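The numbers here are math on the coordinates, done by the rules we state, and not lab data. The structure displayed is predicted, hence computed values, not measured ones. All Cβ positions, even for glycine, are placed from backbone atoms using ideal geometry, and neighbour counts span all protein chains on display.
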Amino acid sequence: MSRGDMKAAVLDDAGLHIESIPVPTPGVGEVLVEVSGCGVCHSDLHVVRGGIPVAKPLVLGHETAGTVVEHGPGVPPSTPRVGSRIVASFVMPCGFCRECERGRDDLCLNFFKMNRTDGTLYDGTSRLARPDGEMLHMFSMSGMAQYAVVPALAVFELPEQMPSVESALLGCATLTAYSAVEHGAGGVRGKNVAVVASGGVGLNLIQMSRIMGAEKVIAIDISDEKITTALGAGASDGVNGADTDPVAAVKELTDGLGVDVAFEALGTPGTFKQAFSMVRSGGCTVPVGLNTGDVCLPINGMVRSQVGIKGSYGARSRVDMPALLKILDDAKFDPRSLVSTTASLDELSTILDRLEAGQIEGRAVIDVQR
């Protein structure tokens, strides 16, 4: 394809800017994607505000959907063809480290060492640069841009009925929820479940728990509006933690026992302790929210009640994304039901401010080509 320039959201020491940079070229085993939508995740907010350390300058964006427009050399035969509408997994497995070889894409050594730490792809370089040649680091595939280079192992063809823009959330929020339910909780069929924090990931946890057979799904938040949205997404009950003790309320809803599984989707010490405390003896707490705080837990109580803690980050992309897409296709799932806000790339800073202020219900998605 002919090369030109594209708009991209660049974060440097001076802040977040929308810049014009060259369209990247895919390397060996990679594809070039024309980005249609990129979700705005709390992880993006933590990166911009300095809560997650990253190499800068970088291009934001890790929750991405679009259309394959070019194959680099040596892509696998299973790679979606040019012209395919795809969703990209934010955990981009290298495919050759020891964790990837045993099927644990979610623990890919090179993803965490090279991409998350150094902001590069797996040859140790970035595909992005400013017009003067200055390297721009990458955060996953850096999807807050009109084009993105993605390792071929991390792209998956969208079912026909899935929308091009809003399906971006499948690459992080929905995929993370699926893995937390399937692997973190070991499945939820017939179980009582609580979801602490009903934002973008929380709503996906609610809907995924319902789709995958949970008996009762209790949504906890401190906003009546978010509780209402959670009930619309499939929660059986809602608890406003600003008005009542959420632990006591959850136990009252479960005959005094507590839930079998509590998912924690915000990452604060307070919400983590709440999630842990509302689990019945022998149950499990599954934290999925990232933050910078630590938490102290009652060791004796944990030992005696045999409550497990199973952290869940991302997913086993090559296995979980195809399984997720089949489940969603069979359920006639429409990701637009969980997207409350769409905006242009030029509005990204405003959307991040609103996310920080708790003014985004569900997920905000950037329509990158708008």
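Key figures
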| quantity | calculated |
| --- | --- |
| Segment 49-156 shape via C-alpha gyration tensor axes, a/c threshold 1.5 | oblate |
| Positive minus negative residues near residue 324 (Lys, Arg vs Asp, Glu; Cβ under 15 Å) | -4 |
| Trypsin sites (Lys or Arg not before Pro) within segment 203-235: DSSP coil, no more than 14 neighbouring Cβ in 10 Å | none |
| ³J(HN,Hα) computed for each position of segment 255-263 - Karplus, 6.51 cos²θ - 1.76 cosθ + 1.60, integer Hz, glycine/proline x | 6, x, 8, x, 7, 6, 9, 10, 8 |
| Inter-site label distance for residue 25 and residue 240 at 7 Å from Cα along Cβ, in nm | 5.8 nm |
| Residue-count net charge about residue 105 - beta-carbon cut-off 11 Å; Lys, Arg +1, Asp, Glu -1 | 0 |
| Mean residue ellipticity (222 nm) of the chain, computed from DSSP H runs ≥ 4 via -39,500 (n - 2.57), nearest 500 | -6500 deg cm²/dmol |
| Neighbourhood net charge (11 Å Cβ-Cβ; Lys/Arg +1, Asp/Glu -1) for residue 165 | +1 |
| Cut-off under 5 Å, modelled amide H: who pairs with residue 136 long-range | 128, 129, 130 |
| Neighbour cut-off at most 12 other Cβ (10 Å), DSSP loop, trypsin sites (Lys or Arg not before Pro), segment 1-90 | 3, 81 |
| Segment 74-230: C-alpha gyration tensor shape, a/c 1.5 cut-off, then a/b vs b/c | prolate |
| Nonlocal amide H pairs with residue 31, under 5 Å, H built at 1.01 Å | 72, 150, 152 |
| Kyte-Doolittle at least -0.5, axis length at least 24 Å by Cα - qualifying DSSP helices, the chain | none |
| Extension reserve of the residue 13-residue 160 stretch, reckoned as 0.36 nm per residue once the Cα distance is removed | 48.8 nm |
| Loop sites in segment 186-292: chymotrypsin sites (Phe, Trp or Tyr not before Pro), DSSP, at most 11 other Cβ within 10 Å | none |
| Spin-label model distance (nm) - residue 5 vs residue 354, 7 Å beyond Cα toward Cβ | 2.8 nm |
| Global geometry of segment 175-309, whether rounded, prolate or oblate, following the gyration tensor of its Cα atoms and the 1.5 cut on a/c | rounded |
| Cut-off under 5 Å, modelled amide H: who pairs with residue 194 long-range | 218, 261, 262, 263 |
| Length added when fully stretched, residue 296-residue 346, from 0.36 nm per residue minus Cα-Cα | 13.9 nm |
